[in-house]
Amino acid sequence: MFVFDHDHTPEDDVDNLWYWKLEEDVEIEPRRAIEHLTRVCEQAAALLDRYTVPQIAQGINYLFGAGNRDGFLDLLWNPELPWPARYRCIRAIPQLYTQVFEADPEGAGGLPFMLWDAIAYGYYSGTHDPATNLEDARVQEAMFEALTDMLASNDPDTLAGAIHGLGHLRHPQSNRAIRDLLSSDRDLDSELRTYAAAVLEDHFQ
């Protein structure tokens, strides 16, 4: 699988990541691509049999991040694709955390924290407007469901990634979900509580 079969590039050498060296964007067939994304998320643990966590993290960053954004990430909002397929893909994203990132937090680097930044940033920037666009609204709702599922985790990196994502998602209930977490009897470390408070005040990266 070409997405993951590359030598790991350190995070401080991002200009030399393999996908910046592609001569052109990879051409994809949208229906097959959304199936591929879903399978990657739902069966993420199987990737560990062939690739390291750093390799997987950089491949995921390519699929959902800046590497080929128009080819993969934007599929989630593509109305020409069946909604059940897109919904299933969105709801499968948290499995990347439980199956891969939590297995090797150091190897995953900053991706667990930044993944939902890349996915949901359009709601923060105004590119996606759920108030006027029904497609944006239902994708936002599915992402909110996925992120609130992640709030059930006991892993601090998963929780931080979910809180970060909820901030960017701008869902009407994002702040309520974060406040519910903070007011629960969960054993949350002070750093996570501080970050969650900053997101509630809209002071975060």
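Spin-label model, Thr98 to Gln43: label points 7 Å out along the Cα-to-beta-carbon direction sit 1.8 nm apart.
Using +1 on the beta carbon of Lys and Arg, -1 on that of Asp and Glu, and nothing else charged, what's the dipole of the chain about the Cα centre, debye to 20?
Details: 15 positive and 36 negative charges, 152 e Å.
Using Cβ point charges on Lys, Arg, Asp and Glu, the chain gives about 740 debye.
Here the Karplus curve 6.51 cos²θ - 1.76 cosθ + 1.60, taken at θ = phi - 60°, turns the phi angles of region 161-172 into couplings of x, 5, 5, 4, x, 4, x, 6, 5, 6, 5, x Hz, with x standing for Gly and Pro.
On average over all directions, what projected area in square nanometres does region 62-205 have, based on the convex hull of its Cα atoms? Mind showing how you got there, number by number?
Details: hull surface 34.0 nm².
Computed as one quarter of the Cα hull surface, the answer is 8.5 nm².
Taking +1 at the Cβ of each Lys and Arg and -1 at the Cβ of each Asp and Glu, which of Ser174, Asn78, Ala131 sits farthest along the dipole of the chain towards its positive end, judged by Cα position relative to the Cα centre? Checking the options against the dipole of the chain, the answer is Ala131. Based on DSSP H segments of at least four residues, each scored -39500 (n - 2.57), the chain has a per-residue ellipticity at 222 nm of -17000 deg cm²/dmol.
Remark: relative contact order (the chain) = 18 percent; criterion is Cα-Cα distance under 8 angstrom and separation of 6 or more residues. Highest average first, the peptides 155-168, 84-97, 27-40 ordered by how many other beta carbon atoms sit within 10 Å of their residues are 155-168, 84-97, 27-40. Rounded to the nearest whole Hz, the Karplus-based 3J(HN,Hα) values (6.51 cos²θ - 1.76 cosθ + 1.60, θ = phi - 60°) of region 174-185 follow the sequence 4, 5, 4, 4, 5, 5, 4, 5, 5, 8, 6, 8, with x at glycine and proline. Can you pull the one-decimal nm distance between simple spin-label points at Tyr124 and Trp83, each 7 Å off the Cα toward Cβ? Here the answer is 2.7 nm between the modelled labels. Springs between Cα atoms under 10 Å define the GNM used for the chain, and in it the highest mean-square fluctuation of Asn133, Asn61, Asn154 occurs at Asn133.
Since every read-out is calculated from the coordinates, none of them should be taken as a lab result. Quick caveat, the model's predicted, so the values are computed rather than measured. Glycine gets a Cβ as well: all are built from the backbone with ideal geometry, and neighbour counts include every protein chain shown.
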